[in-house]
Amino acid sequence: MCAAEDAITSGEDLRPNLAVLLSAGSAVALISTLSLALPVAIASSLLGALMIAGAEVDARTYLLPDTVTWGGITLGILSAPVLNPFEPWLSAGAAVARAACTALALVLLRWGYGWLRSREGLGFGDVKLAAAVGAWLPLACIPFCFALATCAALVTVMLGRLRGESFDATAKLPFGAFLCPALWLVFYACELTG
């Protein structure tokens with residue numbers, strides 16, 4: 001049984017908090033509409049809504065819903081030709097290739113960590129979210145996305161330690177809650193400056 005099925009049978013709610021989704025999603029849509037061309041603003045708003053939902057659910061349940069991860073992958077691949085209408089087929093193909101390579105990199109990291117530590121360090125939701133990162137971002141921006149998410153997670157741990165919380169080697173951290181906003185922020189920055 002997968003983690004999402006475990007969550008459903010144990011009563012975990014994998015639906016995002018509607019108030020968080022509407023308020024943060026409205027802010028993302030407003031920012032996108034005011035600063036990006038219309039097709040890019042629509043893509044940015046849809047990506048932002050998915051990533052808000054994913055971050056909120058992962059922070060609460062330590063699970064990333066398939067609707068967020070697969071939705072992010074699919075929407076990234078479908079948006080690629082719209083974002084680059086001069087080479088639509090090449091853009092879609094490149095998005096698929098980046099998604100596959102980014103997911104493979106996280107699968108290898110997941111496997112390596114499991115082999116070294118004899119326990120799971122990354123869930124498959126994080127692997128699927130990595131594929132979404134690859135689908136949406138240019139190759140040069142992918143490392144920045146992971147660096148931003150990792151730095152945000154480290155700052156969160158450091159602030160928790162300053163508040164007296166203890167973190168040991170087995171402490172759980174919802175990485176998707178950091179990677180989701182990082183994906184939207186890096187996508188937005190790339191489109192704004194690109």
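Once the Cβ-Cβ distance of Asn17 and Val157 is raised to the sixth power relative to R0 = 22 Å, the FRET efficiency obtained is 0.40.
The share of Cα pairs per 5 Å bin across the chain, counted from zero up to the longest distance, runs 1, 8, 15, 20, 20, 16, 11, 6, 3, 1, 0 percent.
Return the tail of the calculated pair distribution for the stretch 65-121, meaning the percent of Cα-Cα pairs more than 18 Å apart. Percentage above 18 Å: 49.
Building the convex hull from the alpha-carbon atoms of the stretch 27-112 and averaging its projection over directions returns 6.5 nm².
Per residue, the average separation of C-alpha pairs within less than 8 Å and at least 6 apart gives the chain a relative contact order of 24 percent.
In this simple spin-label approximation, Leu90 and Ser118 carry label points 7 Å from Cα along the Cα→Cβ vector, and these lie 5.2 nm apart.
Readers should treat all values here as calculations from the given coordinates under stated rules, not as data from a laboratory. Just so you know, these numbers come straight off a predicted model, no measurement behind them. In this analysis, Cβ positions are derived from the backbone assuming ideal geometry, glycine residues included, and neighbour counts consider all displayed protein chains.
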